[in-house]
Each structure stands twice: as structure tokens, then as C-alpha cells.
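Worksheet: one structure, shown below.
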Amino acid sequence: MDTQKNSSFIFSVLVLFFFLFDSTFSLIDQADVQNDGSQGHSLSKLFLFGDSYLDTGNNNLTVRCWKFPYGIAVPGVPTGRYSDGLIFTDFLASFMGIDSPLPYTQWIILSKSRVTFGMNFAHGGTGVFDTWMKEGNMTTQINSFKQYIANGVYNQRELDESIAVVSNAGNDYTQYYAVDRGTHEEYQAFAAKVIDQLELNLREIKKIG
Ligand SMILES: *[C@@H]1O[C@H](CO)[C@@H](O)[C@H](O)[C@H]1NC(C)=O
Ligand SMILES: *[C@@H]1O[C@H](CO)[C@@H](O)[C@H](O)[C@H]1NC(C)=O
């Protein structure tokens, strides 16, 4: 069963949340990004949570995103992104003038220097609730982030220089319909649960910084 493919066709609703850790919910402010010294501070880190719209390679090598034809345009081989090339995360990082943050599953084995640009906790195929992708729901991703902070990888000053980005595009609904065979009658109640859980998650992320 190819539930991932279904998700991109059936569910086109992409919910992307941005916020600065140290202010109220807000879109990225060009002035902050440029760090002109008079207002805000430089935004040098990205922390990403959610699904394939943000994941730059957290899923393990057995997952389809690591196989042809993913990545054929850029860089020519699969990178674990659900794209033929770069994704939103990469463009946002580029706009901020930083490298795309390492997927946390790769950070352990690669050079630790790129930790300076933040870390990517997003996993393709995941939702706020558990899905067919056994890689961790959004709560698990947030807990991983908390663990890094508890271990001293990031301090408060660094969090102040960060943007958190959250994507929850529809994997919960694919799980509901295609895997759990949920009914249309109960769909609205399920959607309400997804939104409530997403709100809890967003509040939790906000609280961290
Ligand atoms: C997320 O995953 C964890 C670990 O498997 C689980 O304990 C928790 O209940 C899940 N949370 C949600 C909201 O589904
Ligand atoms: C890789 O990820 C898939 C999808 O979550 C999972 O089913 C599988 O057990 C994982 N394999 C390994 C070796 O971790």
C-alpha cells in the first residue's frame, strides 16, 4: 500500500507555522534576518518539526525518499528529501544566509560544526499522531529537541537566535482514511483532535524558547 503517494494527492492542505522563539507568532521579518544591529538580533538557526515538507534526510535508508528518482535534479542522487531537488527548508535557510540545518539523525555521524545552523527534526510521513511511518510523531520530535537542550547542545542565547518551523500537511488524515479506514462521519471529530494536538505541540515548542 502506497499511503505516502495518496497523501500528496488527496490532501493538499499544508499548514506551515513559523515563529521566532522570543516573540509572539510572527512571520519572518527581513530586518531581523539581516541583523542590522538596531533591532532584533541575527537569526542564525532553524529548528524544524513535522513531515516531508521540511525533512531533509531524517528517515532511514530503507525509506523510499532515499531511492531513485528522488534528488535527480539536485544534487543528482537521493538525499532523503521528498523532492527531485531542494525543499522549502533549504530555500528558507538560504534566505537566512545559513546552511540547511542537519537532520538530527545524521548529526551524530557527521561533522558537528553544522549544529550552528540549528537542527532538523522533521520526518517524512509523520503526523501529530502516530502514522504508518514508525519514525516518531511530532511530540517525539519535540522531545528529541528538548533532549539536545538538556544536554547543553543549545543554550538560551542560541534559542533566541532561532526560528522554529512546523509543518503538518496531512499524514494524520492519510493514516485515518487509508490505514485505519476511518469513516467520513467521524472525520470532523478526528480533524478537531489533530488541530488540538497541533496546538499543544506549537505551545510546547514556544515554551522551549
Ligand atoms: C507519540 O509517540 C509517543 C512514543 O511512541 C507516544 O507515547 C505518544 O502517545 C505519541 N503521541 C501522540 C500524540 O500520539
Ligand atoms: C526504517 O523506517 C521504516 C519506516 O518508519 C521502519 O518501518 C523501519 O523499521 C526502519 N528500519 C530501520 C532499519 O530502522
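Every number here is computed from the coordinates shown, using simple stated rules; none is lab data. What you see is a predicted model, and the numbers here were worked out from it, not measured in a lab. No Cβ is skipped: glycine too gets one built from the backbone with ideal geometry, and neighbour counts run over all protein chains shown.
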Taking region 62-208, the whole-percent share of alpha-carbon pairs separated by over 22 angstrom is 48 percent
Using Cα pairs under 8 angstrom and six or more residues apart, how large is the relative contact order of region 65-209, in percent?
15 percent
How many nm separate the modelled label positions at Ala73 and Tyr187, each set 7 Å beyond the Cα in the direction of the Cβ?
3.1 nm
Proxy exposure order for Leu86, Leu200, Leu54, Leu102 (fewest C-beta within 10 Å first) is Leu200, Leu86, Leu102, Leu54
I need Leu198, Leu48, Leu159 ordered by Cβ neighbour count within 10 Å, fewest first.
Leu159, Leu198, Leu48
For region 142-196 the trypsin sites (Lys or Arg not before Pro) that pass both the DSSP coil test and the at-most-11 other-Cβ-within-10 Å test are Arg181
Fewest first, what order do Glu204, Glu185 take by the number of other Cβ atoms within 10 Å?
Glu185, Glu204
Between Ala164 and residues 5 or more places away or on another chain, the pairs with built amide H atoms under 5 Å apart involve Phe19, Phe21, Phe47
